[in-house]
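Following: one structure in structure tokens, then a few remarks.
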Amino acid sequence: MISKIVKSGLTRRTFLKSTAVTAMSAGLPAASLAAGNTIRIGFLAPLTGAVAAWGKPGLDGCQIWAERVNAAGGIKLGDGSYDVEFVSYDNEYDPAKARTGATKLIREDGVSFIMMLGGDTWPGVQPVADKTGMLFSTLLPSDLSPDTNTLIAPAEVHPIYNVTGVEWLAENKPELKTAVMCAQDDALGLPSVATYLAAFEAAGIEMLDAPLLFDPATTDFAPVVTRLISKSPDIVCLDTCYSDYVHPIAEQLFQQGFTGQIISCTADFYDQMIAKTSEEFMEGFVFQFPDFDDPALNGDNINFTDPNGFYEAFNTRHPGQWGAVSWEYASIMDLWKAAAEKAGSASPDAVAAAMKEGKGKHAFGDADWWGTELFGIDNALVGDWPVVAIESGKARIKDFRSIPDWYAKHGDLLIKHMQAYDQMWNQRS
Amino acid sequence: MLDLLAQTGLNAVYAASYISLVAVGLVLIFGVMGVINFAHGELFMAGAYAIVALYAELHLPFFVAVAIGLLFVGCLGLLMEKALFRPLKDNPLGGLVASIGFLMILQALAVMGFGVRMVHIPPVTQEVIVFTEKVRLPVARLYVIIAAIVLLSALWYFLKRTKFGWALRASAQDPEAAALQGISITMTARIAMFIGAGLAGIAGALTAPLVSVNPHMGHSVIVTAFIVIIVGGVGSLEGAIVASVAYALVHTFVTTFYDGVLADIVGLSLMLVVLIVKPTGLFGSADRA
Amino acid sequence: MPKFLIWIAALAALIALPHGLSFSQQEILVFLTINVLLVASYRLLTLTGEWSLGHVVIMGVGAYSSALLTKKLGVYVPISMLLGGVIAALIAVLLSFPLFRMKGFYFLIGSFAAGEIIRLLWKRFRDPFGGAKGIKGIDPMPDFSVGFYQFDFFEPTSYYYFAGIIVAVCLWILWRIEKSPVGLTFHAVHWQDKLAQASGVNVRAYRTLAFAIASGFAGISGALLAHYIGTINPNAFDIDLMVYVLTWAIVGGTATFYGPILGCVVLTVINEIVLRELGLEQMRPLIYGAIMILSILFLPNGLESIVQKFTKRRAAEGAPERRPAE
């Protein structure tokens, strides 16, 4: 009976309201959309299975974020202040389960905003997003296309920020002239390959070989590394390899006698990599994800709330688990909170409008909503991104570099390589 | 170029070593129990986590940890035999499902005990044997190669030269006739499960410092092992070893000279070709299909 | 007459069912309906004694075919679903040439390898298959009205009715096939391989026929899935889902037509509803695995054996049931 009421031709907004009403009338616990002083936020990401490493640590970070915000008085909207509560649904990185989860979070739990990892799972959720007008966020801007009006990529504009590392390297170590690259053959690896190719070309660094692709199920990296260093490159680029690949590859590079420069998108648990190799070997390793105890994050340009304290809280509760996704979902919540308080409302439309008004408060500094050329829609928040290098066993931010500035100079190269790997929005069928 | 060939050859020898340890265990279990042990990759994983607990966390000497790991995983094998495969011995598909259930339990236990992300194991040794500037063999990899040669030789001796081995082979070939000869099927099943699981466990334990240890690491291992035992012939230990070497050579050389994705396709195609030409595998006999 | 009434009551219950469920449970119901067809088609294949690990990839062939037909050629959705099934059946016929040189365990692994190669091809050829990201934005089933009911295929209830009708028709066809002389020959191929051959039955042809029919219906279930969620990718049809199908069939029991369906329904409800409601996120696989083991240990003939106990008593004169595969 319920579904018949809902079905009778609803617009997006009345749809949300009426589902809340029907949920209440059905006596579900979810009825607390307005009841009580709590705002619910959906967390729809893999929590079990092989991709759980991209979801679970993010949820851990969000719990810390929620406690800190609630302790500081919660979110102040037009009609008083609200506590935040996260409701999670394990989508197992499966589009069908993601769709079910989105339905549950929106129609039964009454959430005001849903954060996702994205990737394979987003297309399953997209029809639900279109119908309900719910605001979603993704970590992977490659989910964006002209028809994803309610999807934002406000934390990381993977993989475009990788250009900053290459640009910094070319400026600070001009003696490095040649490079090779390897990547896993998947939705994360390929756009990143195209980006690094563009960045190397822009920097005048020569690729000695075509990028070497390996299957995501690879466990032994000796053959990959043997091939990589066979032509004695100055730079080995590890693309956006997961830490499960970065570590054994670095270990093999060390064991097979490579002594040159390494650049990578991530270096989660780099202390373990140092333990497996040596401090000298890892010295100068360039990547893109800082530790949040970095003094450079205390600057006025940074919008992430108390990064040092957050880092400490996270490490106390989950020792040795800090990684790239630990802070990203929380940084999206900072952005969401600022927008909701500005709008005085938690409704998805109002928050989205407030969020996209003027400059966006990105974790690493005010940034622009950008992306039409690459994604077909201006829903990615792009500004400065840190370049991080390992010095004496500790990750240090070396510089913040502007992604839009790079793009203004070399955008055509990026588009050329993206097209070659079928990664432009109009090529992604 | 010669250097590249030599280094790739060394890489292939290492790959052949750990693959054959896993595959031989799988073949042994199938031969004696008649069950496809889907959880074999998770036994490999359990061996790796034994090193995490004993070596990385309790700081026991590495080889002590490996030995305990072998016993531990061997005992997991005994547990599977007693709790799952013996009650289901007339129901091979039931055994298959039970081993899948066991796999899920082992994975979930690893997640609950050690988290979903990869865990750290300090290197056992960073020594490298340097043949030339570009031909090197890390000593930690040499351990795996030596272990494979020693253990598989010992197994071969055990099977061909001892009474137990004879009993094991007899019950693999014809359980009823073996029982009539006074061979205890239960005992041979236990021995086979212990050895088969223990081999997977020691492969996991020895390679743990060299790979990323995470709860899902068993998946790619079992896929490779399936390919290998099909090419070799399901019931044949010799076949498993020969096929491990062949697969490792092909996969390593294609990865190095073309790319890793192509290597997977070539590996699978190789297997299909073998199956089409000789449906029972290189060393298989028709009666155990 | 009472039997007729039971069917009417069951039909009424199935029609009323979604209205008693929460929204997310309605979504699960849709996927469950599709999986019922998948597992029922799998049973037809097992009738001939062969267990495949490639069935889910074949389902994917139906899904990819139907999605590409609508996307590239603009074929009307229900027709593309049917064609998806036909293409899956044709691919199965093609695969049968290498695969049916093998039996038993070799067939099991051989079918797995064939499936993996198909999945690698989807990943490798970004045009037209979309690579690792797969295909998205697949046309949904167009909405339509049948006078008293307006089908809005975003709503799970609507799609449940639509998929339910298709699945019911498919199940009826599968049931008719099994009870026909052809179906009886499938049984014979399994149990009296040599005898069947000696009495002039072309065993290979019947195996291929069973494989093709089962694959065709798996393809339709894949197409139903593709046009509901609107996206498919190679990982959605990997060994993980295959393992679920295998366990549904075996835990349910394959001696009866309804056994695998029962297994699918019970295990899905436990995994997707009961265990999730209990909030056991990280422990969910552990409990699911334990339930699988316990059910296979204590119900070796599957969940169907419970049902049989009750029905046997009432219909003692019924024909002897097929015993479960050994």
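Is it the case that some residue within segment C:140-152 is among the β-branched types (Val, Ile, Thr), within 20 Å of the chain's Cα centre (by Cα) and surrounded by fewer than 18 Cβ atoms within 10 Å (Cβ to Cβ)? No, every residue in segment C:140-152 fails to be among the β-branched types (Val, Ile, Thr), within 20 Å of the chain's Cα centre (by Cα) and surrounded by fewer than 18 Cβ atoms within 10 Å (Cβ to Cβ).
Residue-level check: of (1) touching a Lys or Arg at 6+ places or on another chain (Cβ under 9 Å); (2) aliphatic (A, V, I, L, M); (3) at the interface with chain C (Cβ under 10 Å from one of its Cβ atoms), A:ALA102 misses just (1).
Of the residues that make up segment A:121-136, is at least one assigned to a helix (DSSP H, G or I) and away from every other protein chain (no Cβ under 11 Å)?
The first filter runs over segment A:121-136 and keeps only residues assigned to a helix (DSSP H, G or I), leaving A:121-132.
Within this subset, residues satisfying the condition of being away from every other protein chain (no Cβ under 11 Å) are A:129.
Yes, segment A:121-136 contains a residue that is assigned to a helix (DSSP H, G or I) and away from every other protein chain (no Cβ under 11 Å).
Identify the single condition in (1) at pLDDT 90 or above; (2) in contact with a strand residue (DSSP E or B) (Cβ under 6 Å, 6 or more places away or on another chain) that B:MET104 does not satisfy, given that it satisfies every other one. For B:MET104, the exception is condition (2). Considering (1) surrounded by 24 or more Cβ atoms within 10 Å (Cβ to Cβ); (2) within 19 Å of the chain's Cα centre (by Cα); (3) of a type outside the set (Val, Ile, Thr), the lone condition that A:PRO290 does not fulfil carries the number (1). Confirm whether B:LEU109 is modelled with pLDDT of 90 or more, surrounded by fewer than 19 Cβ atoms within 10 Å (Cβ to Cβ), under 17 Å from B:GLY204 (Cβ atoms) and within 11 Å of another protein chain (Cβ to nearest Cβ). The answer is yes for B:LEU109. Of the set (1) part of a helix (DSSP H, G or I); (2) touching an Asp or Glu at 6+ places or on another chain (Cβ under 7 Å); (3) away from chain B (no Cβ under 14 Å); (4) more than 14 Å from C:ILE58 (Cβ to Cβ), all apply to C:ALA236 but (4). Quick check, is B:ALA177 farther than 30 Å from A:PRO57 by Cβ, surrounded by fewer than 22 Cβ atoms within 10 Å (Cβ to Cβ) and away from every other protein chain (no Cβ under 14 Å)? For B:ALA177, the condition - farther than 30 Å from A:PRO57 by Cβ, surrounded by fewer than 22 Cβ atoms within 10 Å (Cβ to Cβ) and away from every other protein chain (no Cβ under 14 Å) - is met. For segment B:246-286, taking the residues that are out of contact with any helix residue (DSSP H, G or I) (no Cβ under 8 Å at 6 or more places or on another chain) and not acidic (Asp, Glu), the one that is nearest to A:PRO216 (Cα to Cα) is identified as B:TYR258. Quick check, is C:PRO142 in contact with a Leu (Cβ under 8 Å, 6 or more places away or on another chain) and at pLDDT 85 or above? When the stated conditions are applied, C:PRO142 does not pass them.
Scanning segment C:266-278 for residues that are over 17 Å from C:SER22 (Cα atoms) and surrounded by fewer than 20 Cβ atoms within 10 Å (Cβ to Cβ) turns up just one, C:VAL266.
Among the listed residues C:ALA132, C:ALA114, C:ALA88, C:ALA92, which satisfies the condition of being among the aliphatic types (A, V, I, L, M), in contact (Cβ under 8 Å) with a residue 40 or more places away in the chain and within 14 Å of chain A (Cβ to nearest Cβ)?
Details: C:ALA114 fails: within 14 Å of chain A (Cβ to nearest Cβ); C:ALA88 fails: within 14 Å of chain A (Cβ to nearest Cβ); C:ALA92 fails: within 14 Å of chain A (Cβ to nearest Cβ).
Of the residues listed, the single one that is among the aliphatic types (A, V, I, L, M), in contact (Cβ under 8 Å) with a residue 40 or more places away in the chain and within 14 Å of chain A (Cβ to nearest Cβ) is C:ALA132.
Condition first: without any contact (Cβ under 8 Å) to a residue 24 or more places away in the chain and either within 19 Å of the chain's Cα centre (by Cα) or buried (at least 24 other Cβ atoms within 10 Å of the Cβ) (or both). Now tell me which residues in segment A:98-125 satisfy that. Listed by number, the list holds a single entry, A:THR100. Within segment B:219-245, restricting attention to residues that are within 17 Å of A:PRO223 (Cα to Cα) and more than 9 Å from chain A (Cβ to nearest Cβ), the residue that is surrounded by the most Cβ atoms within 10 Å (Cβ to Cβ) is B:SER244. When C:ILE165, C:ILE117 are checked against the criterion of being exposed (fewer than 13 other Cβ atoms within 10 Å of the Cβ), of a type in the set (A, V, I, L, M, F, W, C), out of contact with any Gly (no Cβ under 8 Å at 6 or more places or on another chain) and over 30 Å from A:ASP147 (Cα atoms), C:ILE165 stands alone in meeting it. Please specify each residue of segment C:278-303 satisfying the condition of being facing another protein chain (nearest Cβ under 8 Å), assigned to a loop (DSSP other than H, G, I, E, B) and farther than 19 Å from C:ILE261 by Cα. Residues satisfying the conditions do not exist here. Of all residues in segment A:377-403, those being buried (at least 18 other Cβ atoms within 10 Å of the Cβ) and assigned to a loop (DSSP other than H, G, I, E, B) number 3. Only residues that are more than 7 Å from chain A (Cβ to nearest Cβ) and modelled with pLDDT under 85 were counted in segment B:252-261, giving 0.
Among the conditions (1) in the same structural domain as C:PRO156 (by TED's automatic domain parsing); (2) part of a helix (DSSP H, G or I), C:VAL201 misses just one, which is (2).
Taking first residues from segment B:66-92 that are within 11 Å of chain C (Cβ to nearest Cβ) and partners that are charged (D, E, K, R) and surrounded by fewer than 22 Cβ atoms within 10 Å (Cβ to Cβ), the Cβ contacts under 7 Å between residues at least 6 apart in sequence or on separate chains come to B:ASP90/C:GLU326; B:ASN91/C:GLU326.
Summed over segment A:325-365, the residues that are closer than 20 Å to A:GLY42 by Cα and either assigned to a helix (DSSP H, G or I) or charged (D, E, K, R) (or both) give a count of 26. Are any of the residues in segment A:27-38 modelled with pLDDT of 90 or more, closer than 17 Å to A:VAL325 by Cα, assigned by TED's automatic domain parsing to the domain that holds A:THR316 and out of contact with any Lys or Arg (no Cβ under 7 Å at 6 or more places or on another chain)? Scanning segment A:27-38 turns up no residue that is modelled with pLDDT of 90 or more, closer than 17 Å to A:VAL325 by Cα, assigned by TED's automatic domain parsing to the domain that holds A:THR316 and out of contact with any Lys or Arg (no Cβ under 7 Å at 6 or more places or on another chain). In segment A:245-287, what residues are buried (at least 21 other Cβ atoms within 10 Å of the Cβ) and without any contact (Cβ under 8 Å) to a residue 12 or more places away in the chain? Across segment A:245-287, the qualifying residue is only A:GLN255. Can you find a residue in segment A:43-51 that is part of a strand (DSSP E or B), closer than 14 Å to A:ASP109 by Cβ and at pLDDT 50 or above? Within segment A:43-51, one or more residues are part of a strand (DSSP E or B), closer than 14 Å to A:ASP109 by Cβ and at pLDDT 50 or above. Within segment B:140-162, identify whether any single residue is more than 30 Å from A:THR259 (Cβ to Cβ) and either within 14 Å of chain C (Cβ to nearest Cβ) or of a type in the set (S, T, N, Q) (or both), and answer yes or no. Yes: one or more hits.
The values are calculated or read from the model by the stated rules, or taken from the named source; none is laboratory data. None of the values given here were measured: they were computed from a predicted structure. Positions of Cβ are backbone-derived with ideal geometry, glycine not excepted, and every protein chain shown enters the neighbour counts.
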